[in-house]
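See below for the structure under consideration.
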Amino acid sequence: MGEVLIAGTAALLICIFLSPKFIAFLQGREFGQFIREEGPAAHHVKAGTPTMGGIIIFTAISIPFLILSDYDWRSVGVYGVAMLCALLGFADDFIKIVRRRSLGISARMKLGVTILISVLLWYVATEKVGLQQTLRLRVVDYQVDLSFLGGIPFLIMIYIVVAGTTSAVNLTDGLDGLAAGCAAIVLLSYIGITFITTGQHDLALLSGCLVGACVGFLWFNAFPATIFMGDTGSLGLGGAIAGLAIMTKTEVLLILIGGIFVVEALSVLIQVFSFQTFRKRVFLMAPIHHHFELMAWSETKIILRFWIVAAIFSAIGFTLYQYSVV
C-alpha cells in the first residue's frame, strides 16, 4: 500500500507544481476553449479559458507509474488504453484550437480509432494477461461465455465498454471540476478493488496515480476553473476506467461504480430519443447537469451534489464487489 500512496501523492504534487507554468504556456499561445453556441448562455464567459489540461494530468500519471511500476501486463494494458484515448482527445482538442471551432475530428475517425484501441486491449487481455473471455455477473455469481466465434463477442463487449465510458466521461466534462472530481471518486473505488484482489498491485499503483492526478488537477479546475481538461483528459480518463473494468472483470459492475457517468449519458440518449420520436424534450438541456443549470442551480451546487451521487454509486459498486470476492 505504501507504493500506491507514494505514487498517488507524487502524481498529485506533479500536477499542482507543473500546472501554473502549463497554464501560462497555453495562455501565451491563446490555446483557449471554444464554447458551443447552443450551450448555456452563462458558459460564454468561459470562452478562452486554457484547455488541453489532460496533457498535465497524464504527465503527472506517467512519471510515477513508469518509475514505480513492475510493468505487469494488466497495468500496461490499462495505461496503454488510457494514453491512446488521451492522444485521440489531444488530436480532437488541437483541431478545435487550430480551426477555432467547437468541433474536432470526425465521428468516423473517432469510431475507427476507438475500434483499434479496443482490439489492442482485447489482445493484451486475452493473449498477454490470459483473461477468460467471459462476462461476469458478480451479484448472482454467474459468468456468460463470450469466447465463441473466435472471441468476437468478447471483443464487441470491450468496444462497448471503451466507447461507452469515454463518451460518458466526455459528456460529464461540462462544468468546472465535475468530470475530474467524479473520475477521482470512481478511480478511488478501483484502488480498493485492485488492492483487495491478489496479484493486482500494479493496477492499484496505476489507480493511485490516476486519483492523485485528478485531485491535483482539481486545484486549478475547480470553480472557477483556470484550465479545462479538454477531450485529452476526459477521453484519457474514460479509457483508464474502461481498461480497469476489463482487467478486473467488473464490466457489468461499472454501471454502478461509474453510475454518475451512466446517468449523464442516459440523459442525452433519452433527450435525443424523446425529441426525435415525440418532438418533446424531457430535460431543459442535456446532459443533465445543464438541465439543473437552467433551473437556476448554482454551478458549485450542481458539482457538489453530483460528487455526492458519484460517491454513493461507487460505494455501492465497491461493496458489491467486495461481497462477491469474499
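A few points about this structure:
- Criterion: at pLDDT 95 or above and within 21 Å of Asn221 (Cα to Cα) - qualifying residue of Ile35, Ile23, Ile61: Ile61
- Hey, Gly177 within 19 Å of the chain's Cα centre (by Cα) and on the phi > 0 side of the Ramachandran plot or not: yes
- Check on Trp307, part of a helix (DSSP H, G or I) and surrounded by fewer than 22 Cβ atoms within 10 Å (Cβ to Cβ): yes
- Any hit, region 88-103, residues being assigned to a loop (DSSP other than H, G, I, E, B), surrounded by 17 or more Cβ atoms within 10 Å (Cβ to Cβ) and in contact (Cβ under 8 Å) with a residue 24 or more places away in the chain: no
- Filtered by the rule that a residue be aromatic (Phe, Trp, Tyr) and either in a loop (DSSP other than H, G, I, E, B) or buried (at least 24 other Cβ atoms within 10 Å of the Cβ) (or both), region 157-192 gives a lone residue, Tyr190.
- Of all residues in region 127-152 being surrounded by fewer than 16 Cβ atoms within 10 Å (Cβ to Cβ) and in a loop (DSSP other than H, G, I, E, B), the one that is farthest from the chain's Cα centre (by Cα): Phe148
- Assessment of region 180-191 against the conditions (within 20 Å of Glu251 (Cα to Cα) and over 14 Å from the mean Cα position of the chain (by Cα)) yields at least one matching residue.
- Residue that is nearest to Leu175 (Cα to Cα) [pool: residues in region 284-297 that are free of Cβ contacts under 8 Å to residues at least 60 places away in the same chain and more than 24 Å from the chain's Cα centre (by Cα)]: Trp297
- Selection over region 252-291 of residues that are surrounded by fewer than 21 Cβ atoms within 10 Å (Cβ to Cβ), in contact with a Leu (Cβ under 8 Å, 6 or more places away or on another chain) and either among the acidic types (Asp, Glu) or more than 28 Å from Ala91 (Cα to Cα) (or both) gives a count of 3.
- Restricted to region 194-224, and to residues there that are in contact with a Lys or Arg (Cβ under 9 Å, 6 or more places away or on another chain) and outside any helix (DSSP H, G or I), the residue that is surrounded by the most Cβ atoms within 10 Å (Cβ to Cβ) is Gln200.
- Pairs linking a residue in region 201-225 that is over 17 Å from Gly239 (Cβ atoms) to a residue that is assigned to a helix (DSSP H, G or I) and of a type in the set (Phe, Trp, Tyr), with Cβ atoms under 6 Å and 6 or more positions apart or on different chains, are Ala204/Phe195.
- The condition of being closer than 29 Å to Val139 by Cα, in a loop (DSSP other than H, G, I, E, B), of a type outside the set (Phe, Trp, Tyr) and in contact (Cβ under 8 Å) with a residue 24 or more places away in the chain holds for only one of Val252, Val262, Val268, that being Val252.
- Residues located in region 225-245, provided they are hydroxyl-bearing (Ser, Thr, Tyr) and part of a helix (DSSP H, G or I): Thr232, Ser234
- Complete set of residues in region 241-296 that are among the aliphatic types (A, V, I, L, M) and in contact with a strand residue (DSSP E or B) (Cβ under 7 Å, 6 or more places away or on another chain): Val252
- The condition (being modelled with pLDDT of 95 or more, closer than 20 Å to Thr59 by Cβ and under 17 Å from the mean Cα position of the chain (by Cα)) is satisfied by just one residue among Gly258, Gly236, Gly230: Gly236.
The values are calculated or read from the model by the stated rules, or taken from the named source; none is laboratory data. Being a predicted model, the structure only gives us computed values, none of them experimental. Note: ideal-geometry Cβ built from the backbone for every residue, glycine included; neighbour counts use all protein chains shown.
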